[in-house]
Amino acid sequence: MTTTLVKPAAPEDGGTGRCTGSVLALAAFEARQLALQIPVVLLGLAYLAYVGYQMLGRGEGMDAYPVLHDADRATQGGPVLLCVALLACVHRAALLDRRHGLEEQFSVLVMPLPRRTLAHALSVVPFAVGVGLVVGVQFGRAALLPGAAGHGSPAELAVAPLTVLLSGTVGVLLARVLPHAAAPVLFVIAFAVVLTVVNGVTGGGHAVQWLWPTVQESGGTPVPGELLGRPAGWHALYLAGLTVLAGGAAVLVAGGRTRVLQVVAAVALAATVAGVIGQSPGTSAAVQAARKAEADHPAAYQTCVSRDGSRYCAYPDWTGWTADWAAVVRRVRAEAGGEAATTRLTVRQRIQAITDLSTDATLPTSSVRNTVTVGTQWGGNRVPEFAVGVARVLVAGDEMATIEMCDARAVTTMWLALATDPTPEDTFRRLRIDDSLTGPAAVLTPDGGSMGVSSQATEVVRDLLREPHDTVAARVKAHWAELTSARTPVTRAALLLGVPVPRGKDDCGDG
């Protein structure tokens, strides 16, 4: 009987070029295998469907007027589940030599374990590139809309693809440190639990919050780009450094000991630490002071233009919207009578006092005469809300005077705002907080507050919207002085405008 001894093959001695080529070839093969894994396929398709659904809404309502320094960070959360799938599948692929008794067979390969580890880490690169392309299309679609405002940040846009890369390298590192099939699940759970506990102990501090891969801070009213105070650049550096560090650590654990690897790992560690330090301090005193200054004294930071006899003042990011504001002012003022038909209005954009970017605060009502507030969102319901804001200033002189407006002026205001609306009754319903066309209700206004409309005023407005426009418009202009007087009751307004007088006691102030 003859016994044959099989010696492990020597590492290939073909120079750096051949080594690099073999690593890249294996990485490409592993990437193709990843693309066939069911979790990756399903969650990848789900991600594409999610982005596609979001993009379908662009061009309508408020989505037609995206604020780009909010739209960039909205791209970050989409691929999170895909990242989890990649982490688990890369981990599984990197453990192939430990399954089915293959460890001995892998040991005779000409490519040693450190290079195979590097190839597994690089196998996620095509997925990161793909996510980067999706992010580019997603943001580019928003940026190309005529109503887009502001400017995006490359660092914010880099977060999604960097998170994909990080998930892959962490999966490889886990395969080398914790070679068990359940390691990815346990890691994700442990990571979430640890950060949640630390977040609770520290009271949700800024430094802990930014240790997460994505920090969207969404839901708040848009603010000027220079007031965001987000350490986006430092965070991108943190993610990039952590990604390379995880990959380098995986290769080191696998037995890699080259000087180049050690230098790369040291640089990655330095970049990670620098990113953590840079993103930890929170909003600087300078940004906080700028936020207060721009909220309290907007005129000092705005650009103003004149259109059709009125003045429109906006923060630099939103100057392109002044033409849309002017169109609303033009059509509302065309329905007014007396001096209001030629009143020079000042439309001023305002922001709330910013505490964090996820707070949707309400603006204080202005008492400046002939000044109309406009916010940092446009399209959809924001257009008729602004029309109400313009109408109430034309009727009452300033916004503060309309807080307790329980008389004919409420009827006149709503008529001016809705008279030329394409779907006046539907818009009237959307403007009311209770989405009804009966009874008392509060009507939304652009300062974030509301204007009360009694049940009698609601009934009169509803009847006016069903009358011929030109007939009502002529009566409004003919009786303008009386219709804009605080002494004129709603019943008298109904008589002047030729619609049935509402019966019963008025419930003014109950809305």
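The values are calculated or read from the model by the stated rules, or taken from the named source; none is laboratory data. None of the values given here were measured: they were computed from a predicted structure. Quick reminder, even Gly has a Cβ in these numbers, built from the backbone with ideal geometry, and neighbours come from all protein chains shown. Just the protein is used for accessible areas: all its heavy atoms, side chains included, with ligands, DNA and RNA removed. Shrake-Rupley method; radii C 1.70, N 1.55, O 1.52, S 1.80 Å.
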| note | Residues whose built amide H sits under 5 Å from the amide H of Val374, excluding neighbours closer than 5 in sequence, are Arg348, Gln349, Arg350
| query | What accessible area per residue, rounded to a whole number of Å², is obtained for the chain using a probe radius of 1.4 Å? | reply | 46
| message | Using a 1.4 angstrom probe on the protein heavy atoms only, could you order Glu459, Glu60, Glu30 from most to least accessible area? | response | Glu60, Glu459, Glu30
| query | Heavy-atom accessible area of Met55 with all protein chains present, probe 1.4 Å, nearest 10 Å²? | reply | 50
| task | Give me the distance between the Cα centres of segment 320-342 and segment 343-419, rounded to whole Å. | result | 13
| When only the heavy atoms of the protein chains count and the probe is 1.4 Å, how do Ile189, Ile351, Ile38 rank by accessible area, highest first? | Ile38, Ile189, Ile351
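How much of the DSSP beta bridge set in the chain is antiparallel, as a percent to the nearest 5?
Here the antiparallel bridges make up roughly 55 percent for the chain.
With a 1.4 Å probe and all protein chains left in place, how much of the accessible area of the chain comes from carbon and sulfur atoms, in whole percent?
62
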| Which value, in Å² and to the nearest 10, is the accessible area of Arg333 when all protein chains are kept and the probe is 1.4 Å? | 30
| field | Span-rule helices in the chain, defined as complete DSSP H runs reaching 18 Å or more along the axis (Cα) with Kyte mean at least 1.6 | value | 38-56, 80-94, 159-177, 183-202, 259-279
| field | segment 20-72 and segment 469-508: distance between their alpha carbon centers, rounded to Å | value | 57
| field | Estimated dipole of the chain in Debye, rounded to 20 [Cβ of Lys and Arg +1, of Asp and Glu -1, Cα centre] | value | 1080
| note | With all protein chains present and a 1.4 Å probe, the order of Cys19, Cys313, Cys304 from largest accessible area down is Cys304, Cys19, Cys313
